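The values are calculated or read from the model by the stated rules, or taken from the named source; none is laboratory data. Keep in mind that what you see is a predicted model, and the values were worked out from it rather than measured. All Cβ positions, glycine included, derive from the backbone under ideal geometry; neighbour counts span all protein chains shown.
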Amino acid sequence: MTDTPSSDLPQEPAARRVDPAGLVVAAVLAVLAVVLVLDARQLPATTMYGMGPEAMPIVVAVGLGLLAIGNLIDGLRGNLPPRESADFKPVLLILGGLALLIAIIGFGGGFILATSALFVTTSAAFGRRALLADLIIALVMTTLIYLAFDRLLTLSLPAGPLERLL
Amino acid sequence: METFVALAHGMAVAVQPMNLLYALIGVFLGTAVGVLPGIGPALTVALLLPVTYKLDPGGSLIMFAGIYYGGMYGGSTTAILINTPGESASMATALEGNKMAKAGRGGPALATAAIGSFVAGTLATIGLAFLAPLLVDFAVKFGPEDYFALMCVAFVTVSATFGDSPIRGLTSLFIGLTLGLIGIDKLTGQARLAFGIPELLDGVEVTTLAVGLFAVGEALYVASRRHHAEEKIEPVRGSLWMTMEDWKRSWKAWLRGTMFGFPIGALPAGGAEIPTFLSYSTEKRLTKHPEEFGKGAIEGVAGPEAANNASAAGTLVPLLTLGLPTSATAAMMLAGFQQYGLNPGPLLFAERPDLVWGLIASLFIANVMLLVLNLPLVGLWVRLLAIPQPWLYAGILVFATMGTIAAKPSVVELSMLAGFGVLGFLMRRYDFPIAPVVVGLILGPIAESQLRRALAISLGDPLVLLQSPMSATLLGIALIALLAPFVLKGMNRFKASED
């Protein structure tokens, strides 16, 4: 879209920059389509009339296959919208916080510890350096949330060592 | 006449103290999250779904509707004061509103947005009340093949017709449709795409998907580009009150904005972007003060804001009468209905008139509450914008995971939440629209079961889809809507280039 039409060979691929992101999207969609077909084939066909459970996955797989081709063409032509530079360090930090939260919940550490860990890592990812202050804020806030859920809404959140003290 | 009686009954439901309280909580929360950058009404409803499943259905739905309307009001405040519109529907408002705020006319800009939203919201809700019974009478005759065709129209218009790229929109939709296939097939009991993981047999939770895409994805995205630019809040200077001149210039813009917003919202066309930009360009053409456009013209705030709110009410028409969500927020509201085992559509009007009409009547009340909440309390909302970004997003993520932990505290479910967060981040970064994923997940299984029902009745004859005139017409519309953007690609498409 950004090329000037005045060039002598507008279709020449060298003039357009191949965007690898578009190729990755196309590959992922193609793999997804194959997974759908393989999964649909292991379903026994039991329906007498009309569509069985295996029909819709095939339809979706065909759609995904066509879209893989479409994205491939967009990627080869470099037709993707422009992107600004991204800083992946904070993204990894937040994902680390989420992994910590899942681990704490999985090992029975309880709601308060798990969400406090996520709060502190997210806050740090957004540039805060006062870890101790954030930890205290997080512990107070999540304790209040836990009490509100437990006492007011009577919904149970997972309990760990801290929750048992309350 | 029928409508008045029904509406009067609805009003009696809506003014019950508990329902008034739910409406108040809804508009309060809705305005707060509308003002906060980064969380929209769809996410708020998603966050509240797990918390509310033990509450009374009527009250919760009234609260969700209040959030929807409140989010629209709150979004305009953010657009005017910091020029970073929370949702794309507020982009037109930001064009002129932020210039007005910079010129010391932030007060009148906020006022015309709030009063315009009230006028448009009220008129559009009247439209909803009168249009809904007509559509219900019509929809009663719909067979399963007609519903399937209708959903095809919604799929195409939500994903392909009005976005920047039909390929990327359809890609989003098909990701949603794929996710919708996961789990036990309701008609035969076969497990699809579960890969032996027991948690997947129940299918993907709409709330997990929406919270992952909207909350986690947004937080990751904002974190990745924090180094770019700092947002600047314009203080509200000068009087909040509009002058006589402001009123004169606003009222026609409000009405015209409503005329754009309601019909386009009521069609299964998805999104409030189109009517807001249509309204903006119309006001620009009709104004007696063309020199002010681009420098802070009050019509440029009044019209789009009215169009935005009117289309929000319009979206409720297909949602309530046909069970057809055409925006992410409407999809979340449909999930809210489903959580109580309710299916919006003609049957719901017949079986639970108290619930449906109570909801419609409470929209009028919510509008009045929002006018009161927004004009005098604007200073309070502005203070919300001053929450430091690290705490804001850390808090959003705590609330986001809290909903999932409360509903299903399993490692698999939380991993899915994180995975959808990564998906949302990548989709934002590579400019794929998010709403079609949610619509695909929630509407895909319904469309499949309608199609299979239609084919079972016809003993497997696929021609049944073309024999019903309704379904043949709708499929034709879907096909045209699918092909149109490809055909028109070379032509000048409507773009927001008014900067």
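Test B:VAL382 against the criterion of being out of contact with any Leu (no Cβ under 6 Å at 6 or more places or on another chain), away from every other protein chain (no Cβ under 14 Å) and buried (at least 18 other Cβ atoms within 10 Å of the Cβ), and give yes or no.
On the way: out of contact with any Leu (no Cβ under 6 Å at 6 or more places or on another chain): yes; away from every other protein chain (no Cβ under 14 Å): yes; buried (at least 18 other Cβ atoms within 10 Å of the Cβ): yes.
Taking the combined requirement at face value, the residue satisfies it.
Within segment B:88-102, is there a residue that is modelled with pLDDT under 90, within 23 Å of B:ALA331 (Cα to Cα) and surrounded by 24 or more Cβ atoms within 10 Å (Cβ to Cβ)? Reasoning before the result, please.
Of the residues in segment B:88-102, the ones modelled with pLDDT under 90 are B:88-102.
The next check asks that each one be within 23 Å of B:ALA331 (Cα to Cα); those that pass are B:88-91.
Going one step further and asking which of them are surrounded by 24 or more Cβ atoms within 10 Å (Cβ to Cβ), we end up with B:89-90.
There is at least one residue in segment B:88-102 that is modelled with pLDDT under 90, within 23 Å of B:ALA331 (Cα to Cα) and surrounded by 24 or more Cβ atoms within 10 Å (Cβ to Cβ).
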Which of the residues that make up segment A:108-134 are within 27 Å of B:ARG225 (Cβ to Cβ), among the hydrophobic types (A, V, I, L, M, F, W, C) and within 11 Å of another protein chain (Cβ to nearest Cβ)? A:ALA117, A:LEU118, A:PHE119, A:VAL120, A:ALA124, A:ALA125, A:PHE126, A:ALA130, A:ALA133
Would you mind listing the helices (runs of 4 or more DSSP H) fully within segment B:212-314 where at least 1 residues are modelled with pLDDT under 80? B:273-286
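Has segment B:387-403 got any residue that is more than 11 Å from chain A (Cβ to nearest Cβ) and surrounded by fewer than 21 Cβ atoms within 10 Å (Cβ to Cβ)?
Just the residues of segment B:387-403 that are more than 11 Å from chain A (Cβ to nearest Cβ), to begin with: B:387.
When the remaining residues are screened for being surrounded by fewer than 21 Cβ atoms within 10 Å (Cβ to Cβ), the result is B:387.
Yes, there is a match, as at least one residue in segment B:387-403 is more than 11 Å from chain A (Cβ to nearest Cβ) and surrounded by fewer than 21 Cβ atoms within 10 Å (Cβ to Cβ).
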Candidate set: segment A:146-166, residues that are under 17 Å from B:LYS54 (Cβ atoms) and either acidic (Asp, Glu) or away from chain B (no Cβ under 12 Å) (or both); chosen: the one surrounded by the fewest Cβ atoms within 10 Å (Cβ to Cβ): A:ARG151
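Which one is surrounded by the most Cβ atoms within 10 Å (Cβ to Cβ), of the residues in segment B:294-305 that are out of contact with any Asp or Glu (no Cβ under 7 Å at 6 or more places or on another chain) and farther than 16 Å from B:GLY34 by Cβ?
Start the filter on segment B:294-305 by keeping residues that are out of contact with any Asp or Glu (no Cβ under 7 Å at 6 or more places or on another chain), which leaves B:294-295, B:302, B:304-305.
Applying the additional criterion that residues be farther than 16 Å from B:GLY34 by Cβ yields B:294-295, B:302.
Numbers: B:GLY294: 14, B:LYS295: 13, B:ALA302: 37.
The selected residue is B:ALA302.
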Show the residue pairs meeting these rules: Cβ distance below 9 Å; 6+ apart or different chains; first residue within segment B:138-152 and closer than 12 Å to B:ILE446 by Cβ; second residue of a type in the set (Phe, Trp, Tyr). B:LEU150/B:PHE142
Among the residues of segment B:471-483, is there at least one that is within 10 Å of chain A (Cβ to nearest Cβ) and within 26 Å of the chain's Cα centre (by Cα)? no
Would you call B:GLY440 more than 9 Å from every other protein chain (Cβ to nearest Cβ), small (Gly, Ala, Ser), on the phi < 0 side of the Ramachandran plot and under 25 Å from the mean Cα position of the chain (by Cα)? yes
Scanning segment B:309-337 residue by residue, those closer than 24 Å to B:PHE155 by Cβ, among the polar types (S, T, N, Q) and touching a residue at least 60 places away in the same chain (Cβ under 8 Å) turn out to be B:SER311, B:THR321, B:THR326, B:SER327, B:THR329
By residue number, the members of segment B:308-329 that are among the aliphatic types (A, V, I, L, M) and within 14 Å of B:ILE446 (Cβ to Cβ) are B:LEU319, B:LEU322, B:LEU324
Kindly list the number of the only condition in (1) hydroxyl-bearing (Ser, Thr, Tyr); (2) farther than 30 Å from B:ALA306 by Cβ; (3) within 14 Å of another protein chain (Cβ to nearest Cβ); (4) out of contact with any Leu (no Cβ under 7 Å at 6 or more places or on another chain) that fails for B:TYR147. (3)
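Any idea which of B:GLY490, B:GLY419, B:GLY460 is at pLDDT 90 or above and either within 14 Å of chain A (Cβ to nearest Cβ) or surrounded by fewer than 20 Cβ atoms within 10 Å (Cβ to Cβ) (or both)? Outline the logic, then answer.
On the way: B:GLY490 fails: at pLDDT 90 or above; B:GLY460 fails: at pLDDT 90 or above.
That would be B:GLY419, the only listed residue that is at pLDDT 90 or above and either within 14 Å of chain A (Cβ to nearest Cβ) or surrounded by fewer than 20 Cβ atoms within 10 Å (Cβ to Cβ) (or both).
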Checking A:ILE105 against (1) farther than 25 Å from B:VAL411 by Cβ; (2) without any contact (Cβ under 8 Å) to a residue 60 or more places away in the chain; (3) not aromatic (Phe, Trp, Tyr), which single condition isn't satisfied? (1)
Residue tally, condition under 20 Å from the mean Cα position of the chain (by Cα), within 12 Å of chain A (Cβ to nearest Cβ) and assigned to a loop (DSSP other than H, G, I, E, B), over segment B:150-165: 2
Filtering segment B:166-189 down to residues that are at pLDDT 85 or above and assigned to a loop (DSSP other than H, G, I, E, B), which residue is farthest from B:ALA89 (Cα to Cα)? B:ASP185
